[in-house]
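Values in this text are rule-based calculations from the coordinates and carry no lab data. Since we're looking at a predicted model, the values are computed, not measured. All Cβ positions, even for glycine, are placed from backbone atoms using ideal geometry, and neighbour counts span all protein chains on display.
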Amino acid sequence: MRVALVGDEYPPVTGGAATYAAELGSALSRLGVEVVVFTREGAEARGEVEVRGLRGLSVKNRSVSPFIFSELRRQLRSEDFSVVHGTDMYSPLALAASRFARGRGLPSVLTCHSFLHPFGLWRAVHLPLAFFLRRASRVVAVSRASEDFCAFLGVPRERIEVIPNGVDLSTFRRGLDAEGLRRRMGVGDGEPLVATAIRLVKRKGPYLLLRAFQEVRREVPGARLVMAGEGPEEEGIRREVEREGLGERVELLGRLPHPEVARLMAGADVFVLPSSVEAFGLAAIEAMAVGTPVICPRAGGILEFAREGYNCLFFEPGDPSSLKEALLRLLSDGGLVRTLRRGGLRTARRFSWERTARLTLRLYEEIA
């Protein structure tokens, strides 16, 4: 089987869509699928390159072409693909690929990483996207919350397949040596380390985490906060840190490769996912996989795998006081930490990219 994975983002660009394209493509390749990834942001080389030494997986970066859509259509017409899969419903390249596939009579898949938002204008904003979703052969939703969102947009539920994201369990695993990372960051013995790894955009909650951390420091003065990730709010966050006099207690690391993110999570005493809501919440499961207790919002797709007091603590979305209380509980209760660590490790074992790829391949075979 030959599959085109199409989306605007690919590593080293950070974010869920880029990770999804790379990890799913690699896992499908290991199952014997010939995968070609079409992208325009993030591929390390122009033209066609082998990725991670995996046979059958290549990336075609067309970012230099002003005629990227006509070039994509030409490629999809000239090459013999069994399925065209748009890896993110918000990607113009993915939507175009779905339309081109339909014109050729090829089966197409679009992946939804989003969720139903409570604001009244949300549906109107998404009506153009709904047009494409309803015309794809199948829509992959990464959670039940995403499935409900797609159904709200008018996609029949019988054409929606819920396939959760996976975790790279060879990278995010128990027993990582994180002491070197703590030393490099100057984290001393007895200094609690709070960490997050998010895209630095407002909806991911970086400012909420900063406000909660300020309150925590009043009771735990030695606490440190580290944020990994990049995004348009990075400079704003740095200014906020300086304005509040937190420069010695808060560090922004920028974009890190996955192995370094895993070591950061493993070296932290608490991992926080400060978003108001997540369609899936992959970073929370990655932290669970390395054995670090997790705090996450009581909302969205996270509720499908997270259980209060078993593998995480919840905070009320958008409420810094609720997040502060959860942080203080974990920084003071060793028994609770051990309980969440055990539950998190059990939870993480249920998710892998191999499982995600097998379910996706089964869907390809059904529609092809």
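Given that compact globular proteins tend to follow 2.2 N^0.38 Å, what is the ratio of the alpha-carbon Rg of region 260-316 to that value?
My calculation over the Cα atoms of region 260-316 gives 1.01.
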Legend entry - Whole-angstrom Cα spans of region 214-279 along principal axes, big to small: 31, 27, 24
Legend entry - Charge tally in the Cβ shell below 9 Å around F315, where Lys, Arg are +1 and Asp, Glu are -1, F315 excluded: -1
Inset, instruction - Report, in cubic angstrom per residue, the convex hull volume of the C-alpha atoms of region 138-179. - result: 87
Legend entry - Within-12-Å neighbourhood charge of A279 [Cβ basis; K, R +1; D, E -1]: -3
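Counting Lys +1, Arg +1, Asp -1, Glu -1, what net charge surrounds P297 among other residues with beta carbon under 10 Å of its beta carbon?
Values: positive: R298; negative: E278, E316, D319.
For residues surrounding P297, the net value is -2.
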Legend entry - Choice from L328, L345, L200 with maximal GNM fluctuation in the chain (Cα, 10 Å cutoff): L328
Legend entry - Extent along principal axes [Cα atoms of the chain; Å; largest to smallest]: 63, 43, 39
Legend entry - Loop chymotrypsin sites (Phe, Trp or Tyr not before Pro), region 254-316, which have at most 16 other Cβ atoms in a 10 Å radius of their Cβ (DSSP): Y310
Inset, instruction - With springs connecting C-alpha atoms under 10 Å apart, model the chain as a Gaussian network and identify which of G335, G309, G254 has the largest mean-square fluctuation. - result: G335
Inset, instruction - Out of all DSSP beta bridges with both ends in the chain, state the antiparallel percent to the nearest 5. - result: 10
Inset, instruction - Can you tell me which of 158-168, 132-142, 73-83 comes out highest on packing, and rank the rest after it, using the mean Cβ neighbours within 10 Å? - result: 132-142, 158-168, 73-83
Inset, instruction - Identify the trypsin sites (Lys or Arg not before Pro) of region 248-338 meeting these criteria: DSSP loop state and at most 14 other C-beta atoms within 10 Å of the C-beta. - result: R307
Legend entry - Kirkwood hydrodynamic radius of region 179-348, Cα pairs, Å: 15.6
Inset, instruction - Grab the DSSP H runs of the chain that are 4 residues or longer, score each as -39,500 (n - 2.57), total them, divide by all residues and round the 222 nm result to the nearest 500 deg cm²/dmol. - result: -13000 deg cm²/dmol
Inset, instruction - Kindly put M185, M265 in sequence by how many other C-beta atoms sit within 10 Å of each C-beta, fewest to most. - result: M185, M265
Inset, instruction - Distance between Cα centroids, region 291-320 to region 257-276: provide it in whole Å. - result: 15
